[in-house]
Amino acid sequence: MIRVQVPATAANLGPGFDCLGMALELYNVVEMLPAARGLSIEVSGEGAADIPRDGQNLVYQAAQKVFCQAGYSPPGLRMRLFNQIPVARGLGSSAAAIVGGVIAANLLAGGRLSIKEIMGIACSLEGHPDNVAPAMLGGIVVSVQIDGEVRHIKIQPPQGLKGVVAIPDYPLATKALREVLPAQVPFQDAVFNLGRVAMLVAALQQEDFTLLGAAMEDRLHQPYRSSLIPGLKKVLAAAKLAGARGVTLSGAGPAVVALADTNFDLIARVMGDTFRQNGVKSRVLVLKPSPVGARALEVK
């Protein structure tokens with residue numbers, strides 16, 4: 001049996017649209033083993049009522065891609081999925097499913113594919129590497145696709161930094177959140193984000209938390225998505241007033257992540273209260289960055 005653990009991820013981190021993400025200590029676990037015939041999928045935890053138990057399951061689809069490329073064909077497959085990552089909230093649930101599927105399948109096939117190959121399969125399924133790379137590698141990862149290959153640089157999370165994550169109780173599909181984005185943005189907004197993402201990467205590398213507030217500002221996606229998330233601007237402002245170093249949508253949202261090195265409980269309470277005052281129920285988690293990505297818990 002193969003057991004693989006995969007962390008949640010907060011992508012973009014403000015200005016790093018589709019190229020920056022951070023792994024968080026909230027995990028899904030994929031168990032996979034060959035069977036005599038057919039497909040059996042059990043799901044518990046987050047999304048259990050809605051996740052498909054057939055060929056439409058994302059973990060299964062990812063595994064099939066690996067089996068095909070590796071030339072491995074089990075007569076049947078049994079999977080058990082234990083999910084802590086909320087589905088369709090901006091915390092990388094689809095990337096975690098895909099990464100768990102490709103890594104477990106590769107181990108089941110005898111490790112025939114390289115990390116580069118399984119990263120390529122995962123990114124082709126997800127569509128972009130900003131969640132896939134940190135889910136696979138852990139830490140904070142800058143990733144881009146160059147000539148069809150994912151190139152990445154990992155930054156170890158600064159000591160003492162945590163993510164305070166407010167998670168609304170309603171899902172928002174990434175597809176819908178991408179559809180509200182414009183085909184073009186003003187030149188000055190592109191320049192704004194270029195400066196912010198450069199500053200954000202440098203600040204994280206040098207552990208300079210004083211720069212995070214400005215460095216995590218964004219003009220490429222967050223303003224357009226805010227109309228779909230009631231109270232978003234007020235939550236962002238309230239978290240900063242409570243002591244967050246920087247605050248932004250997690251991925252496409254609707255979850256909001258505040259990076260902080262103190263006042264975690266206050267920030268969590270203020271974010272939850274502000275969402276509630278705007279008619280949104282939410283839960284708030286204080287999560288450490290996960291320095292390691294997907295890893296095998298059991299291989300036998």
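Quick notes
- Legend: translational diffusion of segment 69-156 by Stokes-Einstein, Rh = Kirkwood radius over C-alpha pairs, 10 °C, 1.306 mPa s; D = 114 µm²/s.
- Ordering I140, G100, L113 by the projection of their Cα atoms onto the charge dipole of segment 27-175, which places +1 on the Cβ of Lys and Arg and -1 on the Cβ of Asp and Glu, puts L113 at the extreme positive end.
- Rounded to 10°, Cα long-axis angle of helix 93-108 versus longest principal axis of the chain: 30 degrees
- Solvent exposure ordering (accessible area, 1.4 Å, most first) of L181, L58, L204: L58, L181, L204
- The angle between the Cα long axis of helix 264-277 and the longest principal axis of the Cα atoms of the chain comes to about 80 degrees, rounded to the nearest 10.
- Solvent exposure of the chain amounts to 43 Å² per residue of accessible area, where only protein heavy atoms count and the probe is 1.4 Å.
- P(r) for segment 190-232, from all Cα pairs and a bin width of 5 Å, is 5, 23, 25, 17, 16, 11, 3 %, short bins first.
- Accessible surface of S282, taken over heavy atoms with a 1.4 Å probe and every protein chain present, rounds to 40 Å².
- Ordered by solvent-accessible area of protein heavy atoms (1.4 Å probe), largest first, the residues T210, T9, T262 come out as T210, T262, T9.
- Within the chain, antiparallel bridges make up roughly 85 percent of the DSSP beta bridges whose residues both belong there.
- Normalised by 2.2 N^0.38 Å, with N the number of residues, the alpha-carbon radius of gyration of segment 139-238 equals 1.23.
- V150, V6, V142, reordered so the largest accessible area comes first (probe 1.4 Å): V142, V150, V6
- Here's how it looks for I155: its modeled amide H is under 5 Å from those of I140, V141, V142, which are all 5 or more places away or on a different chain.
- Considering segment 1-93 at the alpha-carbon level, its Rg and Dmax are found to be 14.8, 49 Å.
- FRET E, pair K281, A35, Förster distance 35 Å, beta-carbon r, rounded to 0.05: 0.30
- Probe 1.4 Å - accessible area at E217, Å² to nearest ten: 70 Å²
- ³J(HN,Hα) computed for each position of segment 76-89 - Karplus, 6.51 cos²θ - 1.76 cosθ + 1.60, integer Hz, glycine/proline x: x, 8, 10, 10, 10, 10, 10, 10, 9, 7, x, 8, 6, 10
- Over 29 Å (Cα to Cα) - which of K162/K234; K154/K281; K65/K288 fall in this group: K154/K281; K65/K288
- The HN-Hα couplings worked out from phi for segment 188-199 by the Karplus form 6.51 cos²θ - 1.76 cosθ + 1.60 (θ = phi - 60°) are 5, 6, 5, 5, 4, 5, 4, x, 5, 5, 5, 5 Hz, whole numbers, x standing for Gly and Pro.
- The share of accessible area on the chain that comes from carbon and sulfur is 53 percent, using a 1.4 angstrom probe.
- Among I140, I115, I229, residue whose mean-square fluctuation peaks in a GNM of the chain (springs only between Cα atoms under 10 Å): I115
- Volume per residue for segment 207-288 equals 89 cubic angstrom (convex hull of Cα atoms).
- Projected onto its three principal axes, the C-alpha set of segment 26-72 covers 32, 24, 18 Å, listed from the longest axis down.
- Of all DSSP bridge pairs formed entirely within segment 3-162, close to 75 percent run antiparallel.
- C-alpha long axis of helix 232-241 to longest principal axis of the chain, angle in °: 70 degrees
- Taking the DSSP bridge list for segment 1-98 and keeping only pairs wholly inside it, about 70 percent are antiparallel.
- Y224 - accessible surface, heavy atoms, 1.4 Å probe, Å² rounded to 10: 70 Å²
The values are calculated or read from the model by the stated rules, or taken from the named source; none is laboratory data. On a predicted model such as this, the values are computed, not experimentally measured, just so you know. Positions of Cβ are backbone-derived with ideal geometry, glycine not excepted, and every protein chain shown enters the neighbour counts. Heads up: the accessible areas ignore ligands, DNA and RNA and are worked out on the full protein's heavy atoms, side chains in. Shrake-Rupley method; radii C 1.70, N 1.55, O 1.52, S 1.80 Å.
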